[in-house]
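In what follows, a single structure is set out as structure tokens and then discussed.
The values are calculated or read from the model by the stated rules, or taken from the named source; none is laboratory data. No experiment lies behind these values; they were computed from the predicted model shown. Glycine also receives a Cβ, built like all others from the backbone with ideal geometry; neighbour counts cover every protein chain displayed. With ligands, DNA and RNA removed, areas are computed over all heavy atoms of the protein, side chains included. Shrake-Rupley method; radii C 1.70, N 1.55, O 1.52, S 1.80 Å.
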Amino acid sequence: MEQERLHPEATGELSNLLYDLCLAAKIISRHVRRAGLTDILGAHGSVNVQGEQQQNLDVFANETVRDAVQHTGRVCVTASEEDEEPSPVPANRLAGKYVLLYDPLDGSTNIDVNASIGTIFSIHRRVTPGGPGRLEDCLQAGRRQVAAGYIVYGSSTVLVYTTGGGVHGFTLDPTIGEFLLSHPDIRTPAVGKYYSVNESNWNKWTPGVQRVVGAFKNGEGPVQAKNARYIGSLVADFHRNLIAGGVFLYPADTKSPQGKLRLLYEAAPLAMIAEQAGGAATDGRAPILDQQPKGLHQRTPLVLGSRDDVAFVTGVLSAEGGSAGGAR
Ligand code: FBP
């Protein structure tokens, strides 16, 4: 509400949409916390558009977020990592002015082993005139986001978001079922103490990527050696680096020549948060937020986190030539 007052033209719809997402996060958090006690662990038996085995929690989280927003009259279309096509609001429902893109359960491979997982969201204003929204409402550059955020289901459940007025973190107090302001105005250090990358991909990397990871491991000139941390959940690795300082890399490689992570509902929302907190995000060449998406599930190489570390990586990979982010 306070943030809304910074926007005289605000109608309260965005605040309410963010609150709808809080409700979905509370429901998902409850299921994650009791996952070992209920039959929600394990595979769902279906395969999503990414070709990944869907986990029961993936499907549950996907439906929970969609059901929390589709009937409110605040959104015209939603799009999820788990669904091949966008989901326009049904014709018999009021279509709102916002577009919601989301990764309902990030870090799916960590669900059954009780490691931190999360939900990532990105909000745009619609570009089509009215009625149920369409694909073109979803394919907007990250720079046009009106809000972005994520929820980490870790040692506690934490929501972090921005509407372009700084980055703020809230911790869920399960005793009252409410997100309380715990991390106001988050700023990330310009130089990080951690580097986060899946080093098992070393032999699939270009010499440029091997050089920057080597520099973070051993130091190189002005670049100090860092400590390695990799959970394998983008949202959890990003959150740690945002708070403590660090750089996350998922470069392109011979297995994923376009990178692995998705532009619209993984890279772009975290890039908005990183930039708002004084950090940076590129594809190894150019800012993630300036990329014009061509497809809903488009992938991108990703370098994300502390500003000077991202600049070092981007400098080396840009000089290396070839296509973005270390692709051979
Ligand atoms: P999803 O779980 O949402 O598909 O996300 C992909 C992801 O799990 C990221 O969270 C994580 O950073 C990355 O893949 C891990 O990939 P890898 O196992 O190749 O290191």
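May I ask you to verify whether residue 96 is more than 14 Å from the ligand (Cβ to nearest atom) and of a type in the set (Gly, Ala, Ser)?
yes
Take the residues in segment 254-287 that are outside any loop (DSSP other than H, G, I, E, B) and charged (D, E, K, R); name whichever of them is farthest from the ligand (Cβ to nearest atom).
Here the residue is 275.
Would you mind telling me which numbered condition in (1) part of a loop (DSSP other than H, G, I, E, B); (2) away from the ligand (no atom under 16 Å from the Cβ) residue 216 fails?
Status for residue 216: all satisfied but (1).
Filter segment 142-151 down to residues that are open to solvent by less than 10 Å² (accessible area, probe 1.4 Å) and of a type in the set (A, V, I, L, M) and give me whichever is farthest from residue 283 (Cα to Cα).
Applying the filter and picking the extreme gives 151.
Evaluate the following for residue 112: is it away from the ligand (no atom under 13 Å from the Cβ), open to solvent by 20 Å² or more (accessible area, probe 1.4 Å), over 14 Å from residue 147 (Cβ atoms) and of a type in the set (Asp, Glu)?
The answer is no for residue 112.
With respect to the numbered conditions (1) within 24 Å of residue 80 (Cα to Cα); (2) in contact with a Lys or Arg (Cβ under 9 Å, 6 or more places away or on another chain); (3) surrounded by 17 or more Cβ atoms within 10 Å (Cβ to Cβ), which one is the sole condition not fulfilled by residue 216?
(1)
Could you tell me which residue of segment 193-213 is nearest to the ligand (Cβ to nearest atom), considering only residues that are small (Gly, Ala, Ser) and open to solvent by less than 50 Å² (accessible area, probe 1.4 Å)?
Looking only at segment 193-213, we keep the residues that are small (Gly, Ala, Ser), and these are 196, 200, 208.
Next, only the ones that are open to solvent by less than 50 Å² (accessible area, probe 1.4 Å) stay: 196, 208.
On the way: 196: 8, 208: 19 Å.
Among those residues, the one meeting the criterion is 196.
Across segment 86-139, what is the total count of residues that are β-branched (Val, Ile, Thr) and more than 16 Å from residue 31 (Cα to Cα)?
Here the count works out to 7.
Mind listing whichever residues of segment 287-315 are open to solvent by 40 Å² or more (accessible area, probe 1.4 Å) and within 19 Å of residue 276 (Cβ to Cβ)?
Correct list: 287, 290, 307, 308, 311.
Can you find, within segment 219-253, the residue that is farthest from residue 307 (Cα to Cα) among those that are away from the ligand (no atom under 12 Å from the Cβ) and in contact with a helix residue (DSSP H, G or I) (Cβ under 6 Å, 6 or more places away or on another chain)?
252
For segment 120-138, what are the residues that are touching a residue at least 60 places away in the same chain (Cβ under 8 Å) and either more than 16 Å from the ligand (Cβ to nearest atom) or open to solvent by 10 Å² or more (accessible area, probe 1.4 Å) (or both)?
123, 135, 137, 138
Has segment 49-59 got at least one residue that is open to solvent by 10 Å² or more (accessible area, probe 1.4 Å) and closer than 27 Å to residue 144 by Cβ?
Among the residues of segment 49-59, at least one is open to solvent by 10 Å² or more (accessible area, probe 1.4 Å) and closer than 27 Å to residue 144 by Cβ, which makes the answer yes.
Looking at residue 149, is it away from the ligand (no atom under 16 Å from the Cβ), under 19 Å from residue 275 (Cα atoms) and either assigned to a helix (DSSP H, G or I) or in contact (Cβ under 8 Å) with a residue 60 or more places away in the chain (or both)?
So residue 149 fails the test.
Just to check your reading of the model, which residue among 180, 249, 172, 159 is under 30 Å from residue 146 (Cα atoms), in contact with a strand residue (DSSP E or B) (Cβ under 8 Å, 6 or more places away or on another chain), assigned to a strand (DSSP E or B) and open to solvent by 70 Å² or more (accessible area, probe 1.4 Å)?
It is 180.
Where the second residue is part of a loop (DSSP other than H, G, I, E, B) and the first is open to solvent by less than 50 Å² (accessible area, probe 1.4 Å) and lies in segment 19-42, which pairs have Cβ atoms under 6 Å and are six or more apart or on separate chains?
As it stands, the answer is 20/72; 31/40; 35/41, since those pairs meet every condition given.
All but one of (1) in contact with a Ser or Thr (Cβ under 7 Å, 6 or more places away or on another chain); (2) within 12 Å of the ligand (Cβ to nearest atom); (3) aliphatic (A, V, I, L, M) hold for residue 302; state the number of the condition that does not hold.
(1)
Please go through segment 191-224 and pick out each residue that is within 20 Å of the chain's Cα centre (by Cα) and among the aliphatic types (A, V, I, L, M). Working first, answer last.
First, pick out the residues of segment 191-224 that are within 20 Å of the chain's Cα centre (by Cα): 192, 194-198.
197, the sole residue that qualifies.
Report yes if residue 229 is modelled with pLDDT of 95 or more, within 30 Å of residue 294 (Cα to Cα) and open to solvent by 60 Å² or more (accessible area, probe 1.4 Å), otherwise no.
Considered against the rule, which asks whether it is modelled with pLDDT of 95 or more, within 30 Å of residue 294 (Cα to Cα) and open to solvent by 60 Å² or more (accessible area, probe 1.4 Å), residue 229 comes out as no.
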